[in-house]
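The values are calculated or read from the model by the stated rules, or taken from the named source; none is laboratory data. Computed from a predicted model, the values in this text were never measured in an experiment. Glycine also receives a Cβ, built like all others from the backbone with ideal geometry; neighbour counts cover every protein chain displayed. Only protein heavy atoms, including side chains, enter the accessible area calculation; ligands, DNA and RNA are left aside. Shrake-Rupley method; radii C 1.70, N 1.55, O 1.52, S 1.80 Å.
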Amino acid sequence: QVQLVESGGGLVQPGGSLRLSCAASGSLFSMSDMGWFRQAPGKQRELVARIYRNDRTLYSDSVKGRFTISRVNAKNTVYLQMNNLKPEDTAVYYCDQVYNNTYYWGQGTQVTVSS
């Protein structure tokens, strides 16, 4: 069974940076596509970034150039480096793991961007 644990969220001022981590259990990590989603109050969950098994990356237009997704297979961990944060980035951030068309989710970590 896959378990995902996110960390690194918090309160940051506009223009600041945060680095989110998502640690995965099990042996499927290197064979999985990994991603970060976010959900703001009253809004649908949206894809922020994805990193595929072959290290190809995909970003939403709203974060392109500011956020970077990366993975370390030896640590079963995916990261989201978030720079130049804006108030509209405020949301609960979730990581997901996709293996064999099965999706696994973490519990989420809150990111609040406010002065």
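Below, the figures for the structure above:
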quantity	calculated
When residues of the stretch 67-88 are limited to those that are in contact with a Lys or Arg (Cβ under 8 Å, 6 or more places away or on another chain) and without any contact (Cβ under 8 Å) to a residue 60 or more places away in the chain, the one farthest from ILE51 (Cα to Cα)	THR77
Filtered residue count, the stretch 60-89, keeping only those that are open to solvent by 50 Å² or more (accessible area, probe 1.4 Å) and part of a strand (DSSP E or B)	3
Qualifying residues in the stretch 24-49 (those that are under 11 Å from the mean Cα position of the chain (by Cα) and of a type in the set (Gly, Ala, Ser)) - the one nearest to ASP61 (Cα to Cα)	ALA49
Residues being closer than 20 Å to TYR103 by Cβ, surrounded by fewer than 16 Cβ atoms within 10 Å (Cβ to Cβ) and among the hydrophobic types (A, V, I, L, M, F, W, C) - total across the stretch 1-55	3
Count - residues of the stretch 99-115 that are open to solvent by less than 20 Å² (accessible area, probe 1.4 Å) and either without any contact (Cβ under 8 Å) to a residue 40 or more places away in the chain or of a type in the set (A, V, I, L, M, F, W, C) (or both)	2
Residues located in the stretch 5-40, provided they are in contact (Cβ under 8 Å) with a residue 12 or more places away in the chain and part of a loop (DSSP other than H, G, I, E, B)	GLY8, GLY9, GLN13, PRO14, GLY15, GLY16, SER17, SER25, GLY26, LEU28, SER32, ALA40
